[in-house]
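K.L.:
Just passing along the structure, written as structure tokens.
The values are calculated or read from the model by the stated rules, or taken from the named source; none is laboratory data. Here the structure is a predicted model, which means the values were calculated and not measured. Positions of Cβ are generated from backbone atoms using ideal geometry, with glycine treated the same way; all protein chains shown enter the neighbour counts. Each accessible area value is taken on the protein alone, full model and side chains, heavy atoms only, with ligands, DNA and RNA left out. Shrake-Rupley method; radii C 1.70, N 1.55, O 1.52, S 1.80 Å.
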Amino acid sequence: MRYGAGLLFLLLAMTGFSAEKGKLLYQRHCAACHGDRGAGGVGVPLALESFQSSITDRYLFNTIRYGRPGRVMPAFKRMTDEQINAIVRYVRSFTPHRKLVLSSAPVRGNAGAGKQLYRKHCAACHGLDGEGGKGTGVTFSRPRDLPIIAPALANSGFLRATTDQMIKTTLMRGRQGTPMQSFLKKGLSEQQINDIVAYVRSFEKAVKRKAAEKRVHLAKGHRQPIIKVKSGYDMATTISNLQKAIAASNYKLIRTQPLEQGLVQKGRENRRQTILYFCNFNQLNTALAIDPRVGLFLPCRLTVVETGKGVYIYAINPSRLAELYNNDRLSRICGAMRDTYLSIIEEATL
Ligand code: HEC
Ligand code: HEC
């Protein structure tokens, strides 16, 4: 008897502990974007009954694990399953909701017909190719009082987390309290909705093709002595994107200056050539201790150049330079540095 009570106490303490843990993890990793109790902000609201009743725990779990690559929503790759489950339970405590019970029957539809319907009914908000709301969901600079942004649907994280039946549920019911309406109420038939689901699912192919192209592109970057990437943005935006990506990669921006600074009369520097110096001091010190010649290419630097053809980002590939030193330890550090360069550039040019 005493034993049983002790066990019960332990169990209660453990569940209490897990709830507290979920709350702490949520506050640390999610609240800044989704609001303290899920009211939304840069991130979509999570506390709405209409949202909670149209998704599964599995969906929440996978969304946290895989994130939404290319959008603001990060992937929490290093969290343990247990930590993610604790967050899921905490998010579920925001609002009373119905448990979503989905049939496992596949949604059969005609993707071709769905495409026409998508263009007519969805593209204005979710983008012609499912890329998501314009200028939002990819940037921190969005004013907080704008309406809820439409998430990207042609997104590996979304497509991996969701199921056909969940997409269908969202289209049938809509999400009350957001711009996402019920298309059944808007007059579409269930068959038309099935067609749209089939079309949204077909984004998977395009997403995979893009990912493959990017991998090839990055693989090429691995061997080139000079990394050169064209930015789709203007000079100022490219520089600001790089600065943000540098900070987000745990590097410290040292300074941003015209390439010609100190070489020509002050104020007459060419503003279309800018260099960013940044550093991870741990990495720098480790590398210097191995071989002081790394001072040739450290601290890290990226050069942004505007030409008649567009804005380009250049970097010396630290990994190729390291080959000159023939030191495995240094090569490993420089390989990691190259990967960071590539991911910073990728992030800034998405
Ligand atoms: C008026 C703008 C608007 C239109 C039109 C619209 N949506 Fe949405 N949609 C949104 C918003 C905003 C959300 C996010 C809702 C939320 O916060 O829960 C959303 C959410 C979704 C979701 C859930 C995505 C996720 O990450 O959970 C799906 C799926 C979806 N919409 C598909 C569609 C499809 C397909 C159509 C066309 C039949 C459509 N939407 C039309 C604005 C729109
Ligand atoms: C840096 C901001 C940011 C952080 C941090 C963040 N999110 Fe998000 N989250 C977003 C944005 C923006 C979206 C919408 C994705 C889009 O626009 O395509 C989103 C989408 C989601 C969705 C899908 C919503 C839907 O309508 O289906 C869930 C669930 C979610 N986030 C949960 C979380 C949780 C839980 C955490 C913490 C572990 C977290 N997010 C951390 C910004 C963030």
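K.L.:
Can you bin every Cα-Cα distance in the chain into 10 Å intervals starting at zero and give me the percent of pairs per bin, rounded to whole numbers?
P.N.:
5, 19, 26, 22, 16, 9, 2, 0, 0
K.L.:
Residue by residue through the stretch 23-30, what is 3J(HN,Hα) from phi via Karplus (6.51 cos²θ - 1.76 cosθ + 1.60, θ = phi - 60°)? Round to whole Hz and write x for glycine and proline.
P.N.:
5, 4, 5, 4, 4, 6, 10, 10
K.L.:
Using +1 on the beta carbon of Lys and Arg, -1 on that of Asp and Glu, and nothing else charged, what's the dipole of the stretch 111-212 about the Cα centre, debye to 20? Can you show the working numbers first?
P.N.:
Working: 17 positive and 7 negative charges, 21 e Å.
Dipole about the Cα centre, nearest 20: 100 debye.
K.L.:
Also: For LYS115, give me every one of the aspartates and glutamates with a C-alpha distance below 18 angstrom, ignoring sequence neighbours fewer than eight places off in its own chain.
P.N.:
Answer for LYS115, where 18 Å is the Cα cut-off: ASP129, GLU131, ASP164, GLU190, ASP195, GLU204, listed by chain and number.
K.L.:
Let me ask another. Between ALA86, ALA39, ALA105, find the one with the highest GNM mean-square fluctuation for the chain; connect C-alpha pairs within less than 10 Å.
P.N.:
Taking springs between Cα atoms under 10 Å, the residue moving most is ALA105.
K.L.:
Here's another thing I want to ask about it. Pick out, from GLY70, GLN176, LEU128, the residue whose Cα sits farthest towards the positive end of the charge dipole of the chain, with +1 on the Cβ of Lys and Arg and -1 on the Cβ of Asp and Glu.
P.N.:
Working it through, the farthest residue towards the positive pole turns out to be LEU128.
K.L.:
So how much slack lies between LYS252 and CYS33, counting 0.36 nm per residue of separation and subtracting their Cα-Cα distance, in nm? Numbers along the way, then the final one.
P.N.:
Values: separation 219, 0.36 × 219 = 78.84 nm, distance 2.28 nm.
Length gained, LYS252 through CYS33: 76.6 nm.
K.L.:
On to the next question. With +1 assigned to the C-beta of every Lys and Arg and -1 to the C-beta of every Asp and Glu, and no other charges, what is the dipole magnitude of the chain about the Cα centre in debye, to the nearest 20?
P.N.:
So the magnitude is around 340 debye.
K.L.:
Consider a paramagnetic label point 7 Å from the Cα of ASP339 along Cα→Cβ; state which residues of the stretch 59-100 have an amide N under 17 Å from it.
P.N.:
Backbone N within reach: 75-79.
K.L.:
Ok, one more. Quick check: the angle from helix 57-66's long axis to the longest principal axis of the chain, C-alpha only, nearest 10 degrees?
P.N.:
Around 10 degrees separate the two axes.
K.L.:
Once you have the Cα-Cα distance between LEU296 and TYR325, take 0.36 nm times their residue separation minus that, and quote the gain in nm to one decimal.
P.N.:
Working: separation 29, 0.36 × 29 = 10.44 nm, distance 1.19 nm.
Length difference between fully extended and current span is 9.3 nm.
K.L.:
Could you tell me how many degrees, from 0 to 90 and to the nearest 10, lie between the Cα long axis of helix 81-92 and the main elongation axis, the longest principal axis, of the Cα atoms of the chain?
P.N.:
60
K.L.:
If you don't mind, there's one more thing I want to ask. Using alpha-carbon positions, what is the distance between the centroids of the stretch 221-266 and the stretch 162-177, in Å?
P.N.:
42
K.L.:
Follow-up question, since we're still on this one. Between THR307 and GLN243, what is 0.36 nm times their sequence separation minus the Cα-Cα distance? Round to one decimal in nm. The partial results should precede the final answer.
P.N.:
On the way: separation 64, 0.36 × 64 = 23.04 nm, distance 2.06 nm.
Here the answer is 21.0 nm.
K.L.:
Also, I was wondering about something else. Would you mind checking the tilt of helix 164-173 against the longest principal axis of the Cα atoms of the chain, expressed as 0 to 90 degrees and rounded to 10?
P.N.:
70
K.L.:
Per-residue HN-Hα couplings for the stretch 275-287, Karplus 6.51 cos²θ - 1.76 cosθ + 1.60 at θ = phi - 60°, whole Hz, x for Gly and Pro?
P.N.:
So the J values, rounded to whole Hz, are 10, 10, 9, 8, 7, 10, 5, 4, 5, 4, 5, 4, 5.
K.L.:
Give the aspartates and glutamates reachable from LYS21 as a straight Cα distance under 12 Å; neighbours fewer than 8 places away on the same chain don't count.
P.N.:
Partners found: GLU82.
K.L.:
Roughly how many Å² is the accessible area per residue of the chain, as a whole number, for a 1.4 Å probe? Walk me through the intermediate numbers first.
P.N.:
Values: 20160 Å² over 350 residues.
On a per-residue basis, 58 Å².
K.L.:
For LEU184 paired with LYS230, estimate the spin-label separation in nm (one decimal), with each label point 7 Å from Cα along the Cα-to-Cβ line.
P.N.:
Placing both labels 7 Å along Cα→Cβ, they lie 4.7 nm apart.
K.L.:
To the nearest 0.05, what FRET efficiency results for HIS222 and HIS97 with a Förster distance of 35 Å applied to their C-beta separation? If you can, show how the numbers build up before the last one.
P.N.:
Details: r = 47 Å, r/R0 = 1.33.
About 0.15, to the nearest 0.05.
K.L.:
Restricting to DSSP H runs of at least four residues, report the calculated mean residue ellipticity at 222 nm for the chain, -39500 (n - 2.57) per run over all residues, nearest 500 deg cm²/dmol.
P.N.:
Working: 14 runs with 174 residues, N = 350.
After summing the helix terms and dividing by the residues of the chain, the value is -15500 deg cm²/dmol.
K.L.:
Also, I was wondering about something else. In percent, what relative contact order does the chain have, based on Cα pairs under 8 Å that are 6 or more apart in sequence?
P.N.:
Numbers: 498 pairs, mean separation 49.0, N = 350.
The value is 14 percent.
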